[in-house]
Every structure is written in C-alpha cells, then in structure tokens.
Amino acid sequence: MQQLTEWLQALNGWVWGVPMIVLILGTGFYLQLRLGLMPLRNIGYGFRMIWRSRSVDDQHHGDISPYAALMTALSATVGTGNIAGVATAIAVGGPGAVFWMWMTALVGMATKYAEVVVAVKYREKNAKGQWVGGPMYAIKNGLGPRWRWLATAFAVFGGFAGFGIGAMVQANGISSAMHGAFGLDTWITGLVVAALTAAVVLGGIQRIGAVAEKLVPSMCVVYIVCVLWVLAHFYEQIPGALVLIVEQAFNPTAAVGGFAGSTVLMAIRMGVARGIFSNEAGLGTAGIAQAAGKSNDPVFSGVVGMMGTFIDTIIVCTMTGLAIVVSGVWDSGASGALLSTQSFEAAMPGVGKYLLAISLALFAFTTILGWAYYGEKCWNYLVGPVCEKPFRLLWVLGVFVGAVVTLDVAWLVADTLNALMAIPNLISLLLLSPVVARLTREYFAARKAGEHH
C-alpha cells in the first residue's frame, strides 16, 4: 500500500505539474482574449440571465430548465473543495494561494462558457429521447470521427473519476465532519447518506435537478451568512488579510507558527489545483449538466453556465479563504476541514464547529448528486442506456464505502483523474474555439440589434 501511495503521489505531482497549470490557465487566457473578454464584461448580464432562466417555455429543446441545469452543475461544484479544499490550499501554499484561485476563476469563466456552448451546440438525443451532451459529444459531433478516441478517453476518465471525487471523497467528508462534531459513527452516517442518495439518484436528472434547485441556493445562503458572521467578528483584519493574500501570491512565506513555509510555485500550484477542484472550469463537467437544460441558444446556456465559476470561486471560495486568514488560524498547522472549523470556532466558540459540519455535509451531499449524473452520462456514452440502473446502484454503494474507509488513496486517484479529464476537454475547446467565437459574435450582434430579449 505504501508503494502504491508513493507511486500515485509521483503521478499526481506530474499531472498537476507546470505543464498542466500552463494548459489550464493558458486555455482560459486564450479563450478570454478570443472572446474579447466577453465573460468578464458580462457578469451583470450573466446574473440577469440566471434569474430569467428559472422559467423557460417548453418550446425549447431540453429536459429541465437552464436554471435547474445550472443548479445541478453548481451542486457538483460547490462541495468540499469550497471548505476543505480552500483550507488545504492555504495550509500548503499560504494565503497567496487564494490569489491564484481568483486568477484561475477569472480565466476559467471563459473556459466554462466555451464548455457549455459546445456542449449545447453539439448535444444529441439518446435512445431514450433525452438530450445528452458534454465534451464527449462535442468532440464526436464537432471534431468528427478522427477524434473519437479523444471523446472515449474523456468518458473513461470521467466515468472513473466520479466514483472518487463525486462519491467516495464527498461521503468521507460528510462522515468525518459528523464524527468530529457530533461523535456519530462513520457507518451510521454512511447508511443515512447512501439512503438519501438512492432516493434522489434513482430518479434521474429530473429528480436531481428538482432537489438541486431547492437545496443549492439555500445551502449557499446559509454558509455565506455563517462566513459573514466570522468576517464581521474580525472586520478590522479584513484590509490586512486582502493585502496579505496579494503580497504572498508573489512573495513566498517563510515558516511561521505551524506553517511550514511555501514557494511562489507552490502557492500557484495549490491555488490552481484547488481552484479547478472547486469550480471545475476545464474539466468539461458543467457542459454535461447544461446540455440537459431547455435552450435554443448555446450562447444563452453558456452565459448562464459561466456564472457557476464566478459564484463558486469568486464568492464562496473567497469567503472561506478570508475567514481563515482574518481569524488568524491559517498558520496553525491544521489543514483541510479542520482549519476551516478553527476559523468558525474563533468567531463562534462552541457553535462554529457544528455550523461548519452541517455546511460541509450539505455541500458534499449535493456534489454526490451532481457527479452521479456526470458519471452516468460518461458510462452512457461508452456503453449506452443499459448502464443506468447498475451504475446508480454502484454509486450508492460507493457512497457508503467512501464514508467508512480512510481515503488518502481515493483523494490521490480522484485528483489525478481530474487532471486527466481536463486534457481531452481542453484540447477540444482549443480546436472548437473558432465555433465558440463565431456563435458569440452572432448572439451579441443580434442582441445589440434588438432581436434577442
């Protein structure tokens, strides 16, 4: 086991090395320039379109509203990465890692936008008459038969990655949080979470979308209110914390307190890796959810979809990062959810740990639901709808197993597969970028001419 872990760590270090960071940030940066910074210029418009997307008439192609599709995508992205992932990035890379998370999100908005545009543009109907899309279909239908191997590679990586990042890691986060705060045995938590997962996942995308629509906005609001309480408690430290985050992005921190010290490269690597882990820009997953959304225009879906990255990282991750830095616990030597818990406890002694545990459990549970859909669609692409029932049952089992076993290896495998999913997706986005740019120009020209609502 020791040997396997070391081998996986080496592989993980390689796939999340400098070339991967350059590929992810470079693709996002290129797409931002190619689109004339459209995603950054249209953040306000994006929020208005989210509001409008709640009710789309049935003349549009799709199975759920674009709003439900966004909430399904957000359910998968707003997860343990926003609480434990941000804390890990700061624990290893120092406060500067938060700055690099921001950079990842600002270029990632263009990546996420392009992912959703091509997913909706090249989606198709499956044997059951449902709309399916995502990187595998964008590659197959957009790039043609010569590239089909790339579509298969994405589906295989995504099909396996889901069990790690989507089921086991999340369930483990819930059981650890419940054990730490309430002393619950992990197997009890495992059974409860597996039963709740089964109740939703066995109903397919309609039920997942319906649950996500209600659960995601409310859990985000609850968490943000808790973090605002922490920030209000330490309000005098906020300006200093922001300065520290920007300074340490370029000037590495020496060892201080329980913090082991960091380099600029480490701050960048942790910020980018955890940023991607949290907002999934570059993984291609959001396109899978958005392709099920009712929409007659890929650009409209893309604008709604790109806001997921903004909400996830610029709003939710920033709040977690600020809470950890302003409360002064960032150099305590703790990492992961424990570090986030310390920041809550510093502002709300005796209550903070319970609030954080409940937030973490809700975030992780919705991620289990969103990723169940992604994983199923990857296997669906590979072997057809026959996989649906067996996959859903295996998924529920994976949730239970994840809750009761130690997960160092699962984390490593999930993290590695995440990077491997990104490669086929980013290649396809670069190759299809002329299509994305053309559709974007046409949409905004028409909107200017008043043809669009």
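A few comments on the model shown:
- The stretch between E247 and V22, if pulled fully straight at 0.36 nm per residue, gains 78.8 nm over its current Cα-Cα span.
- Per residue of the chain, the DSSP helices (runs of n ≥ 4 H) give a summed -39500 (n - 2.57) that works out to -24000 deg cm²/dmol at 222 nm.
- A simple spin-label model places pseudo-atoms 7 Å from Cα toward Cβ; at I224 and T5 they are separated by 3.9 nm.
- Cα gyration tensor shape for the range 273-409, rounded if a/c is under 1.5, else prolate or oblate: oblate
- For M1, solvent-accessible area (1.4 Å; no DNA, RNA or ligand), Å²: 150
- Links that overshoot a 31 Å alpha carbon limit, given the list K121/K214; K128/K214; K214/K448; K125/K389; K377/K448; K112/K140: K214/K448; K377/K448
- Nearest-10 value in Å² for the accessible area of E213, using the 1.4 Å probe: 60
- For the range 211-363, with +1 on Lys and Arg beta carbons and -1 on Asp and Glu, the positive-most of L215, A323, F250 along the dipole: L215
- Solvent-accessible area of the range 345-418 (1.4 angstrom probe, protein heavy atoms only): carbon and sulfur portion equals 75 percent.
- Residue-normalised accessible area of the chain, given per residue in Å² at a 1.4 Å probe: 37
- You can think of it this way: the chain between R447 and L431 has 3.1 nm of extra reach, that is 0.36 nm per residue less the Cα-Cα gap.
- Within the accessible surface of the range 33-190, defined with a 1.4 Å probe on protein heavy atoms only, the carbon and sulfur portion equals 60 percent.
- Helix axis angle, 388-404 relative to the chain longest principal axis, alpha carbon, degrees: 10
- The C-alpha atoms of the chain define a longest principal axis, and helix 18-34 lies at about 50 degrees to it.
- Cα gyration tensor category, rounded, prolate or oblate, for the range 171-218 with a/c compared to 1.5: oblate
- Degrees, to the nearest 10: 2-15 long Cα axis against longest axis of the chain: 60
- Going by accessible surface with a 1.4 Å probe and the largest first, L31, L4 read L4, L31.
- Heavy-atom accessible area ranking, 1.4 Å probe, most first, across D415, D331, D408: D408, D331, D415
- Fully extended contour minus Cα-Cα distance, from W187 to L394, at 0.36 nm per residue: 72.8 nm
The values are calculated or read from the model by the stated rules, or taken from the named source; none is laboratory data. Because the structure is a prediction, the values reported are computed rather than measured. Neighbour counts run over all protein chains shown; Cβ positions are idealised from the backbone, glycine included. These area figures cover heavy atoms from the full protein model, side chains too; ligands, DNA and RNA do not enter into them. Shrake-Rupley method; radii C 1.70, N 1.55, O 1.52, S 1.80 Å.
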